[in-house]
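Report on the following structure.
The values are calculated or read from the model by the stated rules, or taken from the named source; none is laboratory data. Bear in mind that the values here come from a model prediction, so they are computed numbers and not experimental data. All Cβ positions, glycine included, derive from the backbone under ideal geometry; neighbour counts span all protein chains shown.
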Amino acid sequence: MATDIVLRDVIEEDLAIFYEHQLDPEAIRMAAFTVKDPTDRDAFLVQWAAIVADSTKQKKTILCNGEVAGHVGSFEQFGLPSVSYWLGKAYWGKGVASKALSLFLNEAKTRPLYARAAKDNRGSIRVLQKCGFVITGEDRGFANGRNEEIEEFILTLQADCSLQESIKEGKS
Ligand SMILES: CC(C)(COP(=O)(O)OP(=O)(O)OC[C@H]1O[C@@H](n2cnc3c(N)ncnc32)[C@H](O)[C@@H]1OP(=O)(O)O)[C@@H](O)C(=O)NCCC(=O)NCCS
């Protein structure tokens, strides 16, 4: 079945679904730099209410064939404009993140734009590289999702980068 990916503004009804997505232990391990207690629903909803209310943060819900599959957005991290995304596990491995990030980058024009990913989060690094990000640095930090210090890559998207042809043409 063809996968139809659309971005739209985040609405309150999406938040309960995002909350469920970020409870998944495998996803927490991949993302690694998560909140301390992902099961704290109230804290999650307060954090997201602030994100939605903040017009300087760009955030979109990813719809996959009309269903809420996750979110993608940009915010300031370590003083730099940075992207992040998270998909529910049911939507992994279908090109959804690559397509959603490329759609987001068509709307979010800030360059350079940055991203961080745990060095072993191969899926996330690949998604970023397919969208034109290149590895430009590395860092170490305490990862709540693993309860230890780990290494991460810093990736950068420059103004002159080009998306991979397959994503541009919507084949993902
Ligand atoms: C990382 C994540 C966004 C990937 O989403 P996705 O929709 O499955 O990614 P795509 O299907 O677009 O895959 C893009 C590429 O990455 C590869 N990939 C995806 N997941 C992978 C994994 N776990 N291990 C290795 N490669 C992976 C795909 O094979 C594809 O490569 P290809 O185009 O060369 O064949 C998703 O797994 C997720 O939300 N994880 C939890 C949260 C997270 O890690 N967020 C990012 C924090 S930095």
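Annotations
- Meets criteria (part of a loop (DSSP other than H, G, I, E, B), exposed (fewer than 13 other Cβ atoms within 10 Å of the Cβ) and either of a type in the set (Asp, Glu) or at pLDDT 95 or above (or both)) for Gly137: no
- Test for Ser162: is it touching a Ser or Thr at 6+ places or on another chain (Cβ under 9 Å), at pLDDT below 95 and part of a loop (DSSP other than H, G, I, E, B): no
- For region 40-61, the candidate set comprises residues that are of a type in the set (Val, Ile, Thr) and more than 16 Å from Leu87 (Cα to Cα); within that set, the residue that is modelled with the highest pLDDT is Val46.
- Look at region 131-146: where a residue is free of Cβ contacts under 8 Å to residues at least 24 places away in the same chain and a partner is of a type in the set (Asp, Glu) and not in a loop (DSSP other than H, G, I, E, B), sitting 6+ places away or on another chain with Cβ atoms under 6 Å, you get Asp139/Glu152; Arg140/Glu149; Arg140/Glu151; Phe142/Glu149.
- Checking Asp42 against (1) among the charged types (D, E, K, R); (2) touching a residue at least 12 places away in the same chain (Cβ under 8 Å); (3) exposed (fewer than 13 other Cβ atoms within 10 Å of the Cβ), the condition it does not meet: (2)
- Residue check, Gly132 at positive phi and touching a Ser or Thr at 6+ places or on another chain (Cβ under 9 Å): yes
- The set of residues in region 1-17 being closer than 28 Å to Asp120 by Cα, in contact (Cβ under 8 Å) with a residue 40 or more places away in the chain and assigned to a helix (DSSP H, G or I) consists of Ile17 alone.
- Checked against (1) more than 8 Å from the ligand (Cβ to nearest atom); (2) assigned to a strand (DSSP E or B); (3) touching a helix residue (DSSP H, G or I) at 6+ places or on another chain (Cβ under 8 Å), Thr156 passes all but condition (3).
- From the list Leu113, Leu128, Leu87, Leu101, the lone residue that is more than 12 Å from the ligand (Cβ to nearest atom) and of a type in the set (A, V, I, L, M) is Leu113.
- With respect to being over 24 Å from Ile17 (Cα atoms), at pLDDT below 95 and of a type in the set (D, E, K, R), Lys109 fits the description.
- Neighbours by Cβ (under 8 Å, 6+ apart or cross-chain): first from region 92-116, of a type in the set (D, E, K, R); second at pLDDT 95 or above and near the ligand (Cβ under 8 Å from one of its atoms): Arg116/Phe33
- Any chance Glu76 is at pLDDT below 95 and under 27 Å from Arg140 (Cα atoms): yes
- Residues of region 26-39 that are surrounded by fewer than 11 Cβ atoms within 10 Å (Cβ to Cβ) and either within 11 Å of the ligand (Cβ to nearest atom) or modelled with pLDDT under 95 (or both): Glu26 alone.
- Among the residues of region 65-85, those identified as over 12 Å from Leu128 (Cα atoms) and surrounded by fewer than 21 Cβ atoms within 10 Å (Cβ to Cβ) are Asn65, Gly66, Glu67, Gly73, Phe75, Glu76, Gln77, Phe78, Gly79, Leu80, Pro81.
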